[in-house]
1. Which number do you get for Rg(Cα) / (2.2 N^0.38 Å) in region 3-119?
2. List every residue whose amide H lies under 5 Å from the amide H of V44, counting only residues 5 or more places away in sequence or on a different chain, with H placed 1.01 Å from N in the peptide plane.
3. Output wanted: per-residue J couplings in Hz (rounded whole) for region 23-40, from phi through Karplus 6.51 cos²θ - 1.76 cosθ + 1.60, θ = phi - 60°, x for Gly and Pro.
4. Give a residue-ordered list of calculated ³J(HN,Hα) values for region 89-97 (Karplus: 6.51 cos²θ - 1.76 cosθ + 1.60, θ = phi - 60°; whole Hz; x for Gly, Pro).
5. Excluding R99 itself, what net charge comes from residues whose Cβ is under 12 Å from its Cβ, given Lys and Arg +1 and Asp and Glu -1?
6. Which net charge results for the neighbourhood of Y86, defined as the other residues with beta-carbon distances under 10 angstrom from its beta-carbon, given Lys and Arg at +1 and Asp and Glu at -1?
7. Using 0.36 nm per residue of separation minus the Cα-Cα distance, give me the extension gain between K82 and R99 in nm, one decimal.
8. Could you work out the relative contact order of the chain? I mean the mean sequence separation of Cα pairs under 8 Å and 6+ apart, divided by the number of residues, in percent.
Amino acid sequence: MTRANLVMRIAESIAEMEGFYKANSRSQRQNNPGNLRAWGKTPVLDGFCNFPTPVEGWNALRRQVDKNVGRGLDLYGFFGGKANVYPGFAPDSDGNRSRHYAEFVAKRVGIPADVPLLSLITKEI
């Protein structure tokens with residue numbers, strides 16, 4: 001799988017988990033498919049970024065996913081965090097169930113949750 005394809009598939013799975021595809025969900029109303037809490041100078045409403053357009057929200061989510069892939073994390077570290085590397089996309093300390101989140105995304109993408117994401121990337125020709 002190419003890096004771009006992996007990033008896209010993880011981002012789409014996150015959007016599903018965050019309720020973006022449900023009518024009138026917070027992530028949909030705020031154009032924030034990943035329910036990102038902070039992104040540059042993007043305004044925050046009720047604790048989550050309020051992107052001006054869905055395109056900007058998707059771009060931010062894909063950039064965050066790509067950054068996390070580059071950190072050498074597996075999905076458990078991606079969502080739950082890894083000491084001295086990353087605090088987690090959806091850590092338990094924030095009221096999330098990070099293992100459940102990682103396993104949901106792993107199943108949707110068709111990858112193991114405990115394998116470093118970088119190792120799943122094939123060379124792009």
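None of the figures in this text is laboratory data; all of them are computed from the coordinates on show. Because the structure is a prediction, the values reported are computed rather than measured. All Cβ positions, even for glycine, are placed from backbone atoms using ideal geometry, and neighbour counts span all protein chains on display.
1. 0.99
2. Result for V44 returns N50.
3. 3J(HN,Hα) across region 23-40, in whole Hz: 4, 6, 6, 4, 4, 6, 4, 9, 6, 10, x, x, 6, 5, 8, 8, 7, x.
4. Here the 3J(HN,Hα) series is 6, 9, x, 4, 5, 9, x, 9, 10 Hz.
5. My count for the surroundings of R99 gives -3.
6. +3
7. Here the segment from K82 to R99 would lengthen by 4.8 nm.
8. On the way: 178 pairs, mean separation 31.0, N = 125.
Relative contact order here is 25 percent.
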